[in-house]
Structure formats: structure tokens, C-alpha cells
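The values are calculated or read from the model by the stated rules, or taken from the named source; none is laboratory data. Please read these numbers as outputs of a predicted model, since none were measured by experiment. For neighbour counting, all protein chains shown are included, and Cβ atoms are generated from backbone atoms with ideal geometry for every residue, glycine included.
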Amino acid sequence: MSRLEVLAVASEVFPLVKTGGLADVVGALPKALAREEVRLRTLVPGYRPVLAGLEGRKVIRRFDDWFGGPAELLSGEADGLPLFVLDAPHLYDRDGGPYADAQGRDFGDNAIRFAALARMGANIAQGCAPRYRPAVVQTHDWQAGLTAAYLHFDGGPRPGVVCTIHNLAFQGQFDRALLGRLGLGPEAFTPDGVEYYGDIGFLKAGVRLADRITTVSPTYAAEICTPQGGMGMDGLLRGRADRLSGIVNGVDTDVWDPAADPLIAAPFSATDLAGRAADKAALQERLHLDCDPGAPLFGVVSRLSWQKGVDLLAQALPTLIAHGGQLALLGSGDAALEGELLHAARTHPGRIACVLGYDEALAHQIQAGADAILVPSRFEPCGLTQLCAMRYGAVPVVARVGGLADTVIDAAPMALASGAATGVQFAPVEVAALEIALRRTIALYRDRPAWSRLQAQGLQTDVSWARPAKLYAELFADLVRERGG
């Protein structure tokens, strides 16, 4: 079987630049797809960390004026990942993160910055990189959405296009006055093009003009076709339902491997969990929690936002404390939520610890040392935290939405007795239901045989990219055949 060439266009990639699960997926998919005879090469912006990590750098093309300044298209590798990099200092050489400055304020020219990325993706798809012509282009989220529009309105031969939605809440909607600066003509500004509620819709363009649409779980694929979950795009998604599919994410099991994880205090495996006690003690010590091996320790690694249900968790903390629980939380986001959680930590020293920001090592330590991982999201396209939890022997406690519903089997009596259960689900996504879930989880924790069964089933669950990669490979191959390739 000949190898299928796929170009991915994305705004972040682990381990070079990451703000969330998008980077993890973009970083893990190429390795997983290689086993399916798919060679995936990713185009990313030339942020400082990307350029610093790029090895074997070669200049493919130079541009005197690329959306307002000189630029180069580079090729190379980073951490074994084959990359194209758009090195445009006027767009990407900035303090702060990929989308916002150090104070968290969005860059005012994000429309231009990511149109430049998408336009380059379209150029590569049309052959601007010598001896490289992908059969499929996969665009990730709104930042790459205009790739499909450029290819469509350019006309002529093009590869198949797959638009992958990681989170429909972020759509990339910008003023229609930018149309010309984005290199699009008036013919593009229609409901069948980039027009979206009177503005330019980057993700909308991808959804409307791609050949296939994927999102990151079957349940989320159904949810976004409803008025409740579609966030203004449900009508378009229902109209393209025959092109839409949900493929659950996996986790990189080389990065997330408790038997060989250099970031945790003590290694352990599915067949020998002895090291988890040391990891729990180390986590309690690091976060100044009471060193009580019998206290049910809940972990949270999350953006602190309404979507993630962190406000519900804050309201449910009295129940967690009253039943002897501890909380180790890592995250950042809404300032009011940050303040509320810091206040809870000050009020309950030794019981609640709150670390603001993101710390990759601490994220691993929470997974290895917590007894349970809380994911109370109001909506969750897929979620990776609960998959890492199962891999690390922490029991996921999740809202019954999106990918959380698809990946966690609730510890109902029959599922628990049969050994099928992997965690605790709750619905509706309200404080009262979360409080019930916390009480259920703590009762299960104190029933050691039941808890051991939950841990064992989670540890035996395949959360790798093996099956998702097969599904992506099949989708890419079907699209190539459909287009006569």
C-alpha cells in the first residue's frame, strides 16, 4: 500500500506551543498515523518556541510581502514531527502566547495572522513546496478554517479538505471590512462562502467548504447539530450531517506512561500500583495538603471557565470537604473563579490547594497522585484529562456530555459488578448532581474492592491513538477515492 500524504494546518503543536488539547492532538496524530501508512506533515506559525525547536531547517520559499511583511516558508523537524513553518516575524514574533499578549489580551490582528497561515496552507496544497503535493489537507479549528476558502475560490485542482472542530465555541468571527486584506474577493462573501451573520467566519468557511467535517467525539458531533449545542452553526451542520463524523481523541501513551514518566515521584503500572501511594504522598507534600493517605484526593487540571463547570465545583466544595475529601487544582482562566478558588484554599488549608497557571510536570503529578480526577464540564467536545486519568489509575468523575459520555462508563451497580465501569458520570450539569457524584465517589473510594475494580478497568482501557488513527486513515482514504485519487 502506498503512503498517503496529508498536510495538517494548525495554530499550535505539542511540545513546542500549547494552550490546550488541540496541541496534544496535533502533536500525537502524525506518529499514530504513520503506523497506518499515512504521512502527516504539519504547517504551524513561526512562534519563537517553534523556531527554537526546529531542527534541520531549510528555506523552501521566500516572500517579500506576506500579509504585511517579509516571510519564509521553512521545513524541518521537531521532536520527530515533520513540519512546515511560516516564519513571519511581523505576525508571530511576539511576547505572550499564540493568540494573546502577556496580559491575556487578544492580539488585534489575529484575523490577519491566521489568514496568513491558512493562505500558506492552501499554497502548499497547490504545490508551492517542491516535490510535495498532499492528497488531503486537514484544517484544525478556526485558525486554519480559511484554508478551505482559499482553495475553493482559487479554483483549479486541489486536494480533499477535512475540517476538524476541536471546540465549536471558538469560531473566529471578524469584521467584513477585512475581506480584501484577507485576499478574498466579494464573491466569497456569501452564505455559501465565508459570510457568517454579517461578518467573516473562519470556522464557518471550513465547515461550509470542506469535503468532510470531523469533530472529536460522536456525542459531540450530535450535540453540535442541535440549537442547544450548535452555537449558531447548528443549521449549517445539520445540512452537512452526511459529511460530519465524530472520532474520539487518544492520548500519546509515550508521553503519558506511568511506568516511565520522569515527572512523577514513583513509577507504577497497571499490574503494580504500589508506586501510587508514594505519588499521592509527594503530591500532598508539594501542595501543602495534609499528608493523609486515607483522604480521598480529587484532582483538577483545567481551564477555569464556565464551559469547564469550575463554578459548579466551587459551589460543591463544602460537600467535598464535609465528606473528608481533599482537592488539588491546577489551572487558570476567569479572574473571578481564580479568586474564589484561592479564597477556598486559604479558608481550608491542608484540604484545598490551588495552583494558578499551567505546569506540565504538576499536571502529570496530579494524574499520578490523585485518587479521582474531576471534569464537571457543561460541554466537552472530547476531553483528554479523563483519558489520562484512566491511564494513571485515577478514577474520572465527569459530566455526562460530549466525549466524556463516550469515554467513561458509569459505576452503576451492574457495570461495577461486571467490571465494565471506569468512572462516575453525573447529569444534569448542576451543583446538586455534582454533589451527588462527589458523595458517590467518596463512598466508592471507601469500598476498597469496588475502587480497585474501577481502577483496574480504567487502566485496561485502550486510550491510545491506535483506533482513532485507523478511523482517520480510513476517512482520508475514502475521501481520496471519492475525489478520484
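Evaluation of T19 against the conditions (1) surrounded by fewer than 22 Cβ atoms within 10 Å (Cβ to Cβ); (2) at pLDDT below 95; (3) in a helix (DSSP H, G or I) shows that the sole unmet condition is (3). Of all residues in segment 400-419, those satisfying the criterion of being in contact with a helix residue (DSSP H, G or I) (Cβ under 8 Å, 6 or more places away or on another chain), among the small types (G, A, S) and at pLDDT 95 or above are G402, G403, A405, A411. The lone criterion from (1) within 17 Å of I442 (Cβ to Cβ); (2) without any contact (Cβ under 8 Å) to a residue 40 or more places away in the chain; (3) touching a Ser or Thr at 6+ places or on another chain (Cβ under 8 Å) left unmet by G331 is number (1). Scanning segment 57-93 for residues that are under 23 Å from the mean Cα position of the chain (by Cα) and within 12 Å of P45 (Cα to Cα) turns up L83, F84, V85, L86, Y92. The criterion of being of a type in the set (F, W, Y), in contact (Cβ under 8 Å) with a residue 24 or more places away in the chain and out of contact with any His (no Cβ under 7 Å at 6 or more places or on another chain) holds for F202. Taken over segment 166-177, the criterion of being out of contact with any strand residue (DSSP E or B) (no Cβ under 6 Å at 6 or more places or on another chain) and assigned to a helix (DSSP H, G or I) is satisfied by A177 alone. Selection of first residues in segment 341-363 that are of a type outside the set (A, V, I, L, M, F, W, C) and of second residues that are loosely packed, with under 13 Cβ neighbours inside 10 Å, restricted to Cβ pairs under 8 Å at least 6 apart or on distinct chains, gives the following pairs, ordered by first then second residue: P349/H288; G350/H288; G350/D290; R351/D290.
Residues that are assigned to a loop (DSSP other than H, G, I, E, B) and farther than 25 Å from A399 by Cβ within segment 435-485 comprise R483, G484, G485, listed in sequence order.
Restricting attention to segment 99-133, the residues that are under 17 Å from D154 (Cα atoms), touching a residue at least 60 places away in the same chain (Cβ under 8 Å) and of a type outside the set (A, V, I, L, M) total 4. Criterion applied to A265, A316, A295 was being of a type in the set (G, A, S), within 25 Å of V424 (Cβ to Cβ), touching a residue at least 60 places away in the same chain (Cβ under 8 Å) and crowded, with 16+ Cβ neighbours inside 10 Å, and the one residue passing it is A316.
Listed here are the residues, each with its yes/no results for (1) over 30 Å from Q228 (Cα atoms); (2) in the same structural domain as L320 (by TED's automatic domain parsing); (3) surrounded by 21 or more Cβ atoms within 10 Å (Cβ to Cβ); (4) in contact with a Cys (Cβ under 8 Å, 6 or more places away or on another chain).
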site	(1), (2), (3), (4)
C354	yes, yes, no, no
P381	no, yes, yes, no
G393	yes, yes, yes, no
P396	no, yes, yes, no
R400	no, yes, no, no
V408	no, yes, yes, no
T441	no, yes, yes, no
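Residues in segment 271-309 that are assigned to a strand (DSSP E or B) and of a type outside the set (D, E, K, R): L297, F298, G299, V300, V301, S302, L304. Scanning segment 128-145 for residues that are assigned to a strand (DSSP E or B) and touching a Phe, Trp or Tyr at 6+ places or on another chain (Cβ under 7 Å) yields a single hit, V136. Taken as a whole, the structure leaves G419 outside the set of residues that are on the phi > 0 side of the Ramachandran plot, free of Cβ contacts under 8 Å to residues at least 24 places away in the same chain and loosely packed, with under 15 Cβ neighbours inside 10 Å.
A quick yes/no check of all residues on (1) at pLDDT 95 or above; (2) part of a loop (DSSP other than H, G, I, E, B); (3) buried (at least 16 other Cβ atoms within 10 Å of the Cβ); (4) not polar (S, T, N, Q):
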position	(1), (2), (3), (4)
L151	yes, no, yes, yes
T164	yes, no, yes, no
G229	yes, yes, yes, yes
G232	yes, yes, no, yes
G235	yes, no, no, yes
D242	yes, no, no, yes
